[in-house]
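Undergrad: The following block contains the structure, expressed as structure tokens.
The values are calculated or read from the model by the stated rules, or taken from the named source; none is laboratory data. None of these values were measured; they are calculated from a predicted model. Because the Cβ atoms are built from the backbone with ideal geometry, glycine has one as well, and the counts that use them run over all protein chains shown. Heads up: the accessible areas ignore ligands, DNA and RNA and are worked out on the full protein's heavy atoms, side chains in. Shrake-Rupley method; radii C 1.70, N 1.55, O 1.52, S 1.80 Å.
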Amino acid sequence: MLCVTCPNRDSGSCGTLLEAQSRTANAVHGPSRPLLQVARPGEQIVVRNQTTQQVLVLCAGWAYKYIELADGRRQILGFLLPGDLFSVLNLFEPQSQFTVAALTDVQVSRFERPGVRARGDRLQLVLENACRDEAAGAIRLIAVLGKCSAEERIAYLLTNLARRLRTRSVIRGQSYPFPLRLRHIADALGLTPVHVSRVLSHFRDRGLCVVSNGVLNVLDEPELDRLGTVA
């Protein structure tokens, strides 16, 4: 089973969800395992207002959550990294509040909700952490979009993703995988791709960071952190 050797089993939500589901399944039907799904870049994994009886966790690759407006514009709500729950709300609400699409090739684990909601101290801790992180992230994003300049918004996004990557991956130096394109950054921060390109060029000229060929190279971490820090 791939989950046994997954590097995100302990750092992400998967390990605890597997334990919770196994306890319930063993008591009723015997050993169980999550359903696995793969998706290609751009493919929708969950559709807004769609009902599902499963809790989803990203196993591999990158994905993003978004809402599409009536005129076709979209607001990206956040980016999912390996080990992330799609949303803690999905544990209690069967209807998705947003669409999730694959940014790269991805693998997704689908856990049956009754098994996930089996009682357990470790599961409760995972839920508490997920609720805290999701709420805190939403509050910071509101502040960033409402009050920060384009430079501050982009610096916030870059430093936040770099911080999340460091907690779950072996990072060499200050180089990070970065599959986002200009349109993804623009749709996440309320900017245009042209504006994003100008700011990234400005960051490069100032010696802060360089985004090229799917890699983010941070050259001046203290200054980029200062620019992207939200009080």
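Undergrad: Would you work out if the stretch 180-231 is rounded, prolate or oblate? Take a ≥ b ≥ c from the square roots of the eigenvalues of the alpha-carbon gyration tensor; rounded if a/c is under 1.5, else prolate when a/b is larger than b/c, oblate otherwise.
TA: oblate
Undergrad: Please report the carbon-and-sulfur percent of the accessible area for the stretch 143-218; probe 1.4 Å, protein heavy atoms only, DNA, RNA and ligands left out.
TA: 49
Undergrad: Ignoring any ligand, DNA or RNA, what whole percent of the accessible area of the stretch 51-100 comes from carbon and sulfur when the probe is 1.4 angstrom?
TA: Heavy-atom surface of the stretch 51-100 belonging to carbon and sulfur, 1.4 Å probe: 54 percent.
Undergrad: Highest first, please rank the peptides 65-73, 87-95 by the mean number of other Cβ atoms sitting within 10 Å of their residues.
TA: 87-95, 65-73
Undergrad: For the stretch 179-231 and the stretch 54-94, what is the centre-to-centre distance using only Cα atoms, to the nearest Å?
TA: Result: 22 Å between the Cα centres.
Undergrad: Just add up the charged neighbours of Gln95: K/R +1, D/E -1, any other residue whose Cβ is under 15 Å from the Cβ of Gln95.
TA: +2
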